[in-house]
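Asker: Below is the structure I would like to discuss, written out as structure tokens.
The values are calculated or read from the model by the stated rules, or taken from the named source; none is laboratory data. Just so you know, these numbers come straight off a predicted model, no measurement behind them. Because the Cβ atoms are built from the backbone with ideal geometry, glycine has one as well, and the counts that use them run over all protein chains shown.
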Amino acid sequence: MSWENVLGRVAFANCDPIFDGLENDWKILPAPPSWLTGHLLRRDCITAPIPAADFAKHSDKLLLIPKLGIVSKGDVGSVILFGTRPIQQMRDIALPSDSSTSRALLQWILKSMKLDPKFHERGPDLTAMLDESDGALLIGDRALIAARDYPDLVKLDLGAESIGTPNLHAKYVTHLANFKLQLRKAQADLARLERVKSEYFRGELSKEELDQLGWEPWRKNSVLKSDMRAILDGDGDVIKQQDKIWYLETTVDFLDRVLRSLNSRTWDIKNAVEWNKTQSGLL
């Protein structure tokens, strides 16, 4: 049979929908994802679901079939880092020999978390991997089965973690916008308060205005313009409003720094992707 009638297939359950209902004149070539890349390049099959990282490396030799793939937004359940200790305490991690994209994704996620464990390539056997390392990355059916059989192990779903930064970014953008609105309102309220207080200290407010504000009449000499700033800065109501503005300014500055940090994290990942494209001749 010609290679043009052969379809490469990952032998994982999440690949079943793509191949369900195929006509019998197609031959199926089952293999791990990273192995299928070699089969494609050798023309053992006409198409196959290969790792995205491998496509980036060989994009000059391969064509991407649009709108067809195994993808996830959020928890994927089949790309999981398992461990015997918290992720922040993992000294080394075993990476499976049958994956490319998930290995690269895990390394970038951990780098963005400021973690730097050692990595070792091993066969995709959870028990053997954890005998040698604190963590083990599994994909496909092995990850699904291990998550079911070892519920007490530490787990990190790479699908969920990969969208963590955008979700955090959206959360802090919302907070920043809200606090900026509060800050602008507080600054406007202070300006109005100082204007009214200035009129009060000059003895310019009417009895009706004083009654509405609940203030006693100013019984001292009218304050000169040159002294007004010092009088306002010592007024209790003005001080209270200035403290509120200081709190809001501090919060806005903090949120702005958080967003810059998140943007830097996203920028690091974007640079890595662009670098891979450059190395692959895409740019």
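Asker: With respect to Gly135, is the statement that it is on the phi > 0 side of the Ramachandran plot, touching a residue at least 40 places away in the same chain (Cβ under 8 Å) and either surrounded by fewer than 21 Cβ atoms within 10 Å (Cβ to Cβ) or out of contact with any His (no Cβ under 7 Å at 6 or more places or on another chain) (or both) true? Before the answer, list the steps.
Answerer: Values: on the phi > 0 side of the Ramachandran plot: no; touching a residue at least 40 places away in the same chain (Cβ under 8 Å): yes; either surrounded by fewer than 21 Cβ atoms within 10 Å (Cβ to Cβ) or out of contact with any His (no Cβ under 7 Å at 6 or more places or on another chain) (or both): yes.
The answer is no for Gly135.
Asker: State all residues of region 12-31 that are touching a helix residue (DSSP H, G or I) at 6+ places or on another chain (Cβ under 8 Å) and closer than 27 Å to Lys57 by Cα; if no residue qualifies, say none.
Answerer: Scanning region 12-31 gives Phe12, Ala13, Asn14, Lys27, Ile28, Leu29, Ala31.
Asker: Here is a follow-up. Could you tell me whether Asp92 is over 14 Å from Ser133 (Cα atoms), in contact with a Ser or Thr (Cβ under 9 Å, 6 or more places away or on another chain) and acidic (Asp, Glu)?
Answerer: Values: over 14 Å from Ser133 (Cα atoms): no; in contact with a Ser or Thr (Cβ under 9 Å, 6 or more places away or on another chain): yes; acidic (Asp, Glu): yes.
In short, no.
Asker: Looking at the structure I just gave you, is Gly140 touching a Phe, Trp or Tyr at 6+ places or on another chain (Cβ under 9 Å) and in contact (Cβ under 8 Å) with a residue 40 or more places away in the chain?
Answerer: Considered against the rule, which asks whether it is touching a Phe, Trp or Tyr at 6+ places or on another chain (Cβ under 9 Å) and in contact (Cβ under 8 Å) with a residue 40 or more places away in the chain, Gly140 comes out as yes.
Asker: So Leu40 ticks every box in (1) over 20 Å from Ser99 (Cβ atoms); (2) in contact with a strand residue (DSSP E or B) (Cβ under 9 Å, 6 or more places away or on another chain); (3) not in a strand (DSSP E or B) but one. Which box is left unticked?
Answerer: (1)
Asker: Would you call Thr84 farther than 17 Å from Pro49 by Cβ, surrounded by 13 or more Cβ atoms within 10 Å (Cβ to Cβ) and of a type in the set (Ser, Thr, Tyr)? Spell out how you get there, then give the answer.
Answerer: On the way: farther than 17 Å from Pro49 by Cβ: yes; surrounded by 13 or more Cβ atoms within 10 Å (Cβ to Cβ): yes; of a type in the set (Ser, Thr, Tyr): yes.
Spelling it out, Thr84 is indeed farther than 17 Å from Pro49 by Cβ, surrounded by 13 or more Cβ atoms within 10 Å (Cβ to Cβ) and of a type in the set (Ser, Thr, Tyr).
Asker: Which of the residues spanning region 34-50 are surrounded by 17 or more Cβ atoms within 10 Å (Cβ to Cβ) and either touching a Gly at 6+ places or on another chain (Cβ under 8 Å) or not assigned by TED's automatic domain parsing to the domain that holds Phe12 (or both)?
Answerer: Once the filter is applied, which keeps residues that are surrounded by 17 or more Cβ atoms within 10 Å (Cβ to Cβ) and either touching a Gly at 6+ places or on another chain (Cβ under 8 Å) or not assigned by TED's automatic domain parsing to the domain that holds Phe12 (or both), region 34-50 yields Leu36, His39, Leu40, Cys45, Ala48, Pro49, Ile50.
Asker: Output the residues belonging to region 233-246 that are free of Cβ contacts under 8 Å to residues at least 60 places away in the same chain and surrounded by 14 or more Cβ atoms within 10 Å (Cβ to Cβ).
Answerer: The initial filter retains those residues of region 233-246 that are free of Cβ contacts under 8 Å to residues at least 60 places away in the same chain, namely 233-244, 246.
Across region 233-246, the qualifying residues are Asp235, Asp237, Val238, Gln241, Gln242, Lys244.
Asker: Identify, from the list Asp25, Asp98, the residue that is assigned by TED's automatic domain parsing to the domain that holds Leu137 and assigned to a loop (DSSP other than H, G, I, E, B).
Answerer: On the way: Asp25 fails: assigned by TED's automatic domain parsing to the domain that holds Leu137.
Being assigned by TED's automatic domain parsing to the domain that holds Leu137 and assigned to a loop (DSSP other than H, G, I, E, B) holds for just one of Asp25, Asp98, which is Asp98.
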